[in-house]
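Contents: one structure, followed by commentary.
Every number here is computed from the coordinates shown, using simple stated rules; none is lab data. Just so it is clear, the model here is predicted, and its values are computed rather than measured. All Cβ positions, even for glycine, are placed from backbone atoms using ideal geometry, and neighbour counts span all protein chains on display.
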Amino acid sequence: MTRIDPQPGIMDIALYQGGTSHVAGIENVVKLSSNENPLGPSEKAIEAYRRAAFDLNRYPSSDHRALRQAIGKVHGLDPERVICGAGSDEIIAFLCQAYAGPGREVIHTVHGFGMYRISALAAGATPIEVLEQERVTDVDAILAAVTDRTCLVFMANPNNPTGTMIAASEVARLADGLPDQALLVLDGAYAEYVEGYDGGASLVEARTNVVMTRTFSKLYGLGGLRVGWGYGPTEVIEVLNRVRGPFNVTQPALAAAEAAVLDEDYASHCRVENARWRTWMADALAEIGVPSDVSLGNFILARFADKAEAEACDAYLQSQGLIVRRVAGYNLPSALRITVGDESACRRVVHAVRQFKGGARA
C-alpha cells in the first residue's frame, strides 16, 4: 500500500509553543509571556479598525500600497521595496520558501527566535545552530559556520529572548563577511524599543545582501491582527512578492497598521513607558538576587541558579496569577522571560519573586 509522506524535514519540526494565557483555577491573570504592549494599540488604530468593519465584504488591497507608503513616510524608506505580511513570521517564511530548500543551510543562533528553525525545516533546508557569547550574538561564530551551502542567516537585533543587542558595526562586519549566495536577515521585531535605531535600514540601503523584517505586534500593540513587513533590495522584494498570496493581510489589519505607524506620538509614549518600567523591574529583581542582561526589548530575561529554581519560581508566579515564559526551548532552562507590563504588573512581579526568594531585602 502506498504511503503518503510529507516532504523531508516536516516531521522534524517541533510545534511552536506560544506564551501561556491561562492558569487552571485562577481568574484575572496577568499575562507577561508574549511580549505584548500592556498599553494596547493607539486610539487612532482602534478607530481605523472600527471604520474598516463597514467594508468587510470587500477584498483587501492586494498591493498594500497605503500601508507601504505610510511605512516609507515614517521610516524614510522606499515604499516600493516594502513587503507586508501576516506578521513578520510570514516574511521569514517567504524568505525560506524563496531562498532555502534541500541541500541548503539556514544559520541562526542558539538562543534565536524559534520560527527560524521551523521555517527552514518547512522549506526542506538544514538549520544550523550557532553558539552565542554570554547570550550575545557572536559574529565570528556565525562566520565560522558559513559554508557554500549557506543561503540565509537570521539574526534578531535586539534578540529574543535575551534582549541583548550588538553594534551596527558588528552587523555590518557580518554582512560583509558572507559569501555571495547568502542573505543576512535582520529581524527587527523589537527595533522600535531602541531610541534612534533604524532596525538595520541603513545596512539594507548600503548593501545588496541584507533584508530587514519588522512587526506591528510589539510596540504598536497589534499582535491580534498579525501585520508585519520587510524591507530589502528590489530584486529580493520582487522574488518574495511572487510567493506572497495576493490577499495575505486583511483590510482591517492594513487600516489599523497604517494608523498605528502614523501615530508617532503614541509610539514614543509607549517606548518611554517601556524603558522606565523595564529598568525599574530589572534593577529591583537584581537587588533580590535575580540578575538579567541589559535588555533593549520589552522584556527581561531573569536568570536563576538552575532549571529547578526557575521552574519553581514560575510555578509560584502562576499561583499568584502572573504568567511569564519558560525558555528552556530556547536553550535557557535556568531563566524566565518576563514581559514588561504596566506599573502594577511590574510591581506585582517583583513582590512575588521577593516572596519566592524568601524575603530578600526590599
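Local charge for Thr250 was computed over the other residues whose Cβ lies under 15 Å away, with Lys and Arg +1 and Asp and Glu -1, and equals +1. As a proxy for reagent exposure, Arg3, Arg347 were ordered by neighbouring Cβ count within 10 angstrom, fewest first; the result is Arg3, Arg347.
Put in order of Cβ neighbour count within 10 Å, fewest first, the listed residues Ile92, Ile26, Ile4 become Ile4, Ile26, Ile92. For region 103-259, relative contact order (Cα pairs under 8 Å, six or more residues apart, normalised by length) works out to 16 percent.
The alpha-carbon of Lys307 sits under 19 angstrom from the alpha-carbons of these lysines, leaving out residues fewer than 8 places away in its chain: Lys357. Across the chain, C-alpha contacts under 8 Å between residues 6 or more apart give a mean separation that, scaled by the residue count, equals a relative contact order of 24 percent. Near Tyr220, once Lys and Arg are set to +1 and Asp and Glu to -1 for all other residues with Cβ below 9 Å from its Cβ, the sum equals -1.
Sorting 42-53, 319-330 by average packing, meaning the other beta carbons within 10 Å per residue, from highest down gives 319-330, 42-53.
Each semi-axis of the equivalent ellipsoid for the chain is √(5λ) with λ an eigenvalue of the Cα gyration tensor; in descending order they amount to 32, 26, 21 Å. In units of the compact-protein estimate 2.2 N^0.38 Å, region 93-214 shows a Cα radius of gyration of 0.96.
What separates the Cα centres of region 279-311 and region 34-69 is a distance of 35 Å. What the phi angles of region 71-83 give under the Karplus curve with 6.51, -1.76 and 1.60, with θ = phi - 60°, is a coupling list of 4, x, 5, 6, 9, x, 10, 7, x, 5, 9, 9, 10 Hz, glycine and proline written as x.
Ordered by the count of other Cβ atoms within 10 Å of each Cβ, fewest first, Trp277, Trp229 give Trp277, Trp229. Residue-wise HN-Hα couplings along region 150-163, as the Karplus relation 6.51 cos²θ - 1.76 cosθ + 1.60 with θ = phi - 60° gives them from phi, are 5, 10, 9, 10, 9, 8, 8, 8, x, 8, 10, x, 7, x Hz; Gly and Pro carry x.
Taking a straight line from the alpha carbon of Lys218, these lysines sit under 18 Å away, with near neighbours fewer than eight places off in the same chain left out: Lys31, Lys44.
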